[in-house]
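Worksheet: the structure to be examined is printed underneath.
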Amino acid sequence: MTKQLRTVEKQGPTTKESPVTPIRPNVAARLFEEAQAIELEDATRAGMTGFMGRALVQATLPYREPDRDLPVWGRVAGNTSLIIKPGYYANQKTNQLESMGYPYGTIPRLLLAWIGTEAVRTREKHLVLGKSLSEFMNGLGLTAQTGGKNGSITRVREMMKRLFAADMAIVRGEGKGGGDFASSKFSIAEETALWWDPQKPDQAGLWQSTVTLSDKFFNEIVSTPVPIDLRALKALRQSPMAIDLYCWLTYRNFSLRAPTTVPWEALKLQFGSGAGAEKKFRETVKRALQQVMEVYPAAVTPTKGGLFLEPSKTSVPRLIKDW
């Protein structure tokens with residue numbers, strides 16, 4: 001049985017409530033199962049604590065695929081921007097350099113959670129991705145492994161290449177005129193080696209598939225990690241916005257000391273997927289938030305002005321001093 005998220009809008013002395021679209025039965029069943037497990041045992045005791053890098057929680061990746069010919073893509077959150085430039089490869093048929101495309105959707109977010117978790121756990125930049133592609137995908141929470149052009153095996157390999165080859169930057173302030181300005185360029189990976197055979201995902205490769213994280217990205221993860229419950233990510237894996245909202249809410253609750261309202265305009269800059277109607281964006285956020293509340297019942301309420309947040313427990317208990 002799912003919790004019914006309600007939109008609360010104050011209108012003088014009365015309160016207007018409007019329900020959001022119910023969660024689909026198959027999604028509701030998955031959320032309920034994980035919510036039960038989370039309620040019975042917290043992430044630390046269950047060994048399901050994971051970590052995300054703070055920068056990519058504050059400014060998020062694309063939800064849908066941007067145009068491959070777009071030379072740069074950006075997302076703005078307040079005075080902070082995430083800028084992404086895609087990697088390139090040599091097309092042997094045309095002898096031309098072509099864009100690999102941008103990392104987008106759920107899979108890069110699951111990859112970032114796996115990378116962050118392993119980096120914090122091992123304190124190593126050089127990460128072994130697993131004996132086989134199938135083993136690695138299980139670690140991401142992708143148990144339905146399908147082949148073909150649009151299958152999950154193909155999409156995981158494609159998104160790994162896009163994510164690890166891209167160049168990124170966090171920019172604060174304005175690039176023109178006066179005022180403060182700061183820019184920090186980084187890439188996720190310094191070196192990547194993928195030796196798995198996509199036709200035989202259960203078979204170990206002749207060499208280990210590995211990724212070596214860049215110094216800047218590695219240092220940020222281990223110095224300012226955002227603790228998350230990996231079971232929540234598994235439950236939310238079909239909605240990249242739900243994943244982002246979940247990570248953002250638990251991150252905010254680590255420092256939130258007083259009630260606050262985050263305006264819809266600010267949320268649209270951070271989580272919006274392009275220029276679209278604000279009403280449609282609000283409904284999208286409410287649907288995603290309804291899923292999040294199943295696995296992380298934070299004190300958050302959609303209002304006419306934005307998302308009203310009250311200090312509440314974090315998704316992962318505050319038990320480790322380094323957090």
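The values are calculated or read from the model by the stated rules, or taken from the named source; none is laboratory data. Because the structure is predicted, anything quoted here is derived from the model rather than measured. With ideal geometry, Cβ positions are generated from the backbone for all residues, glycine too; neighbour counts draw on all protein chains shown.
Put simply, of T250, T261 the only residue that is of a type outside the set (A, V, I, L, M, F, W, C), part of a strand (DSSP E or B) and not assigned by TED's automatic domain parsing to the domain that holds Y63 is T261. Could you grab me the full set of residues in the range 163-192 that are assigned to a strand (DSSP E or B) and either charged (D, E, K, R) or touching a helix residue (DSSP H, G or I) at 6+ places or on another chain (Cβ under 9 Å) (or both)? Correct list: D167, M168, I170, R172, S184, K185, F186, S187, A189, E190, E191, T192.
For the range 157-196, the tally of residues that are farther than 23 Å from V76 by Cα and in contact with a Ser or Thr (Cβ under 6 Å, 6 or more places away or on another chain) stands at 6.
Given (1) out of contact with any helix residue (DSSP H, G or I) (no Cβ under 8 Å at 6 or more places or on another chain); (2) among the small types (G, A, S); (3) under 22 Å from P263 (Cβ atoms), where does G78 come up short, assuming only one miss? G78 satisfies all of (1) out of contact with any helix residue (DSSP H, G or I) (no Cβ under 8 Å at 6 or more places or on another chain); (2) among the small types (G, A, S); (3) under 22 Å from P263 (Cβ atoms) except (1).
Considering only residues of the range 222-247 that are assigned to a helix (DSSP H, G or I), in contact with a strand residue (DSSP E or B) (Cβ under 8 Å, 6 or more places away or on another chain) and not assigned by TED's automatic domain parsing to the domain that holds E41, which is surrounded by the most Cβ atoms within 10 Å (Cβ to Cβ)? Only one residue fits best here, namely L233. Being touching a strand residue (DSSP E or B) at 6+ places or on another chain (Cβ under 8 Å) and crowded, with 19+ Cβ neighbours inside 10 Å is true of L112.
Looking only at the range 201-210, which residues are closer than 19 Å to S152 by Cβ, of a type outside the set (S, T, N, Q) and crowded, with 17+ Cβ neighbours inside 10 Å?
First, the residues of the range 201-210 that are closer than 19 Å to S152 by Cβ: 201-203, 205, 209.
From what's left, of a type outside the set (S, T, N, Q): 201-202, 205.
P201, G205, listed by residue number.
Go through the range 100-127 residue by residue and tally those that are more than 21 Å from the chain's Cα centre (by Cα) and part of a loop (DSSP other than H, G, I, E, B). Within the range 100-127, residues that are more than 21 Å from the chain's Cα centre (by Cα) and part of a loop (DSSP other than H, G, I, E, B) number 2.
Here L142 fulfils each of the conditions (1) farther than 26 Å from Y88 by Cβ; (2) touching a His at 6+ places or on another chain (Cβ under 9 Å); (3) among the aliphatic types (A, V, I, L, M) apart from (2).
Being in a helix (DSSP H, G or I), loosely packed, with under 14 Cβ neighbours inside 10 Å and modelled with pLDDT under 95 is a property that does not hold for E283.
Determine whether the range 249-272 contains at least one residue that is modelled with pLDDT of 85 or more, aromatic (F, W, Y), buried (at least 22 other Cβ atoms within 10 Å of the Cβ) and in contact with a Ser or Thr (Cβ under 7 Å, 6 or more places away or on another chain). No, that holds for no residue. Restricting attention to the range 179-200, the residues that are more than 25 Å from the chain's Cα centre (by Cα), surrounded by 13 or more Cβ atoms within 10 Å (Cβ to Cβ) and farther than 21 Å from R157 by Cα total 1. Does Q270 satisfy the criteria of being assigned to a loop (DSSP other than H, G, I, E, B) and either within 24 Å of L112 (Cα to Cα) or of a type in the set (S, T, N, Q) (or both)? When the stated conditions are applied, Q270 does not pass them. The C-beta contact set for the range 32-58 (first residue among the acidic types (D, E), second residue at pLDDT 90 or above, distance under 6 angstrom, 6+ apart or interchain) comprises E34/R231; E34/A235; E34/V295. Would you say L97 is among the aliphatic types (A, V, I, L, M), in the same structural domain as N150 (by TED's automatic domain parsing) and either surrounded by fewer than 13 Cβ atoms within 10 Å (Cβ to Cβ) or not in a strand (DSSP E or B) (or both)? Here the answer is yes, as L97 does meet what is asked. When the residues of the range 128-156 are filtered to those that are in contact (Cβ under 8 Å) with a residue 60 or more places away in the chain and either assigned to a loop (DSSP other than H, G, I, E, B) or among the β-branched types (V, I, T) (or both), the one that is surrounded by the fewest Cβ atoms within 10 Å (Cβ to Cβ) is V128.
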